[in-house]
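Notes follow once the structure below has been shown.
The values are calculated or read from the model by the stated rules, or taken from the named source; none is laboratory data. These figures come from a predicted structure and were not determined experimentally. Cβ: placed from backbone, ideal geometry, glycine included. Neighbour counts: every protein chain shown. What goes into the accessible areas is simple: the full protein's heavy atoms, side chains included, and nothing from ligands, DNA or RNA. Shrake-Rupley method; radii C 1.70, N 1.55, O 1.52, S 1.80 Å.
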Amino acid sequence: MISTPKFSWRPSAWRLQRWFRPIHYRPWEMLVMRVLFAVVVFMAFPKQVPFAGAKYEIGIARVMPLGWLSDQGTLDACRWVLIAALCLYASGRLTALALPVMAFLTIAPATLANSQGAFHHHLQVLGLVVLGQWIWFTYRAFASKEFLTPGHRTHVLNVFYSQQVIVATYLTTAVWKLWKTKFGWIRESKYFPVQLAKTRDAHYYNKLEHAGSESSGWIGGIDAWFARVTPILESFLFAHPNLCRAIIGSGLVLELFAFLALIGRRSRLLYGGMLILFHLIIGRVMNLNFEYNIFLLLIFFVNLPWVGMAICSSIKRRRL
Amino acid sequence: MLLVTAVCLVVKEEFPFSHFPMYESFSDYSFIVYVADRDGEPIPVQAITSQKTSKLKKIFNKEQKLVRKQLEAAGVEIDGYQFMTSEQRRPAGERTLEWLYSNSKEGGAEQLVKHAPLRLYYIHLRVGDDGFERKSELIAEVPAPKADGGQPSK
């Protein structure tokens, strides 16, 4: 006989944990994730820092000068230190030693860039994930004496917490939009075409070229297609405000319910895929590129090696 | 997840934390700024300096907020940023161009000097009866900085 569980205020009794739980990835899957994540952290490290100093200090720039990063020799030396830390991290050993280096060298240049009076939001997600991983591995190093070789469970939970941090960034932006507009964001979104026109004008004045005209290859073809379609879309949405609200509002809904991605492997794949598509469309239409969000979604949600394995085993099963 | 969300919403813009305010609200008015040469002809600012027009707009916006605060502290009433006059916006425009001179990629500052004195234009973009209306106005003009790295001479 199945007894009905009694309600309890203890979080462990809430059934949510049945839905939102870590996936027990295989060691090789997590190795691939760590290697790919290390590559992304390396890609985010700038080749050049064109800022002489912080004009309006934010974050760690409030407590330490960061202008030294603009010296090319120092920056190149930092890159080698970062490479050493990334190799350690990817190996899965001494992660509590590698992550503070990775966190500092990810956060410091981006903080300097964001301390010029203009905020860009493409690197925050990476900074938050690195920071989260640093906190987690440091905690495990002290709490479970896993300094040299963190255990399998520590790595599994590291992936789970990284996924939660990524989801949190989407939840934050959705909650902020609703809060800022007193829940009127979707109503106001009929003015979205104004932003499209602004983006098109700003893009033109960057290089004195119209969007899509400078690209080549198949990606250039897609860019050129979006560049042709955007003015039509602009006029169409302007003429149909309710349709505009429905289309733009769907983006807000996607962000607000991003936590549904954490239900299972398939949910991660499906929701991660939808968020990637969302970023790709915004990138082409609004010239607002969040490539690091896309990379992290590919690594931690879509999990391409697992998709590849699943397809291969499905083909094998059909042949037998 | 909820903890990170709460921290981001409270801390706001302190990298790596952010409340991600991109497109936080919409209205029937927006604006952009662009950089032009001494004759008022636009220059390809990203190709020359690696800085995008969108970044210049954000920097101009930040400076404009500071100017507005100063004006309001001095007793000047301003209904909204879109109603500020060119004269009121000028200090913000000058600071934006000065920032551009000193924050360009390698070789960018030398190229900018060839176009100097640089001008900053402001385009009002608003919804009118027949679609979008654009109105451009000159905000600031700043000569090239002195060779010794000093501030541009006014």
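Using only protein heavy atoms and a 1.4 Å probe, how much accessible area in total is buried between B and A, to the nearest 100 Å²?
In total, chains B and A hide about 5600 Å² from solvent.
Please report, as a whole percent, how much of the solvent-accessible surface of chain A comes from carbon and sulfur atoms (probe radius 1.4 Å).
Roughly 68 percent, rounded to a whole number.
In terms of the Cα gyration tensor, with a ≥ b ≥ c the square roots of its eigenvalues, is the protein assembly as shown rounded because a/c is under 1.5, prolate because a/b exceeds b/c, or oblate?
Judged from the Cα gyration tensor, the protein assembly as shown comes out prolate (a/c at least 1.5, a/b above b/c).
Using a 1.4 Å probe on the protein heavy atoms only, what accessible surface does A:Met274 show? Give it in Å² to the nearest 10.
80 Å²
Whenever you get a sec, line up A:Arg265, B:Arg126 from highest to lowest accessible area (probe 1.4 Å, protein heavy atoms).
In descending accessible area the options line up as B:Arg126, A:Arg265.
What number, in nm² with one decimal, is the all-direction average of the projected area of the convex hull of the alpha-carbon atoms of the range B:1-116?
10.0 nm²
By accessible area of protein heavy atoms, probe 1.4 Å, what ranking do A:Lys47, B:Lys57 get, highest first?
Sorted descending by solvent-accessible area, the residues read A:Lys47, B:Lys57.
Mind checking the range A:107-209 for GluC sites (Glu not before Pro) that DSSP puts in a loop (not H, G, I, E or B) and that have at most 11 other Cβ atoms within 10 Å?
Of the GluC sites (Glu not before Pro), not one in the loops of the range A:107-209 has a Cβ with at most 11 other Cβ atoms within 10 Å.
Taking all protein chains as present, what is the carbon and sulfur share of the accessible area of the range B:21-60, in % to the nearest whole number, probe 1.4 Å?
45 percent
Within the range A:133-178, list the trypsin sites (Lys or Arg not before Pro) lying in a DSSP loop whose Cβ has at most 15 other Cβ atoms in a 10 Å radius.
For trypsin sites (Lys or Arg not before Pro) across the range A:133-178 that sit outside H, G, I, E and B with at most 15 neighbouring Cβ atoms in 10 Å, the list reads A:Lys145.
Accessible area of A:Met286, 1.4 Å probe, to the nearest 10 Å²?
Its heavy atoms expose roughly 10 Å² to the probe.
Would you mind working out the accessible area per residue for chain B, using a 1.4 Å probe, and quoting it in Å²?
Normalised by residue count, the accessible surface of chain B is 49 Å².
For the range A:68-215, rounded, prolate or oblate, judged on the Cα gyration tensor with a ≥ b ≥ c (square roots of eigenvalues), a/c < 1.5 rounded, else prolate if a/b > b/c?
oblate
Which of the residue pairs B:Lys105/B:Lys146; B:Lys12/B:Lys58; B:Lys58/B:Lys105; A:Lys180/B:Lys52 have a Cα-Cα distance greater than 21 Å in the structure shown?
Pairs exceeding 21 Å: A:Lys180/B:Lys52.
Compute the separation of the alpha-carbon centres of the range B:79-141 and the range A:139-201 and state it in Å as a whole number.
So the separation of the two Cα centres works out to 33 Å.
Ignoring GluC sites (Glu not before Pro) that are buried or in helix or strand per DSSP, and keeping those with at most 16 other beta carbon atoms within 10 Å, what is the longest stretch of chain B between them?
In chain B, the maximal stretch lacking such sites is B:25-76.
Considering amide H positions built from the backbone, and no H for Pro or chain starts, which residues 5 or more places from B:Ala140, or on another chain, come under 5 Å of its amide H?
So B:Ala140 has HN proximity to B:Leu120.
In square angstrom, rounded to the nearest 10, how much accessible surface does A:Lys55 have for a 1.4 Å probe?
In the full protein context, A:Lys55 sits at about 80 Å².
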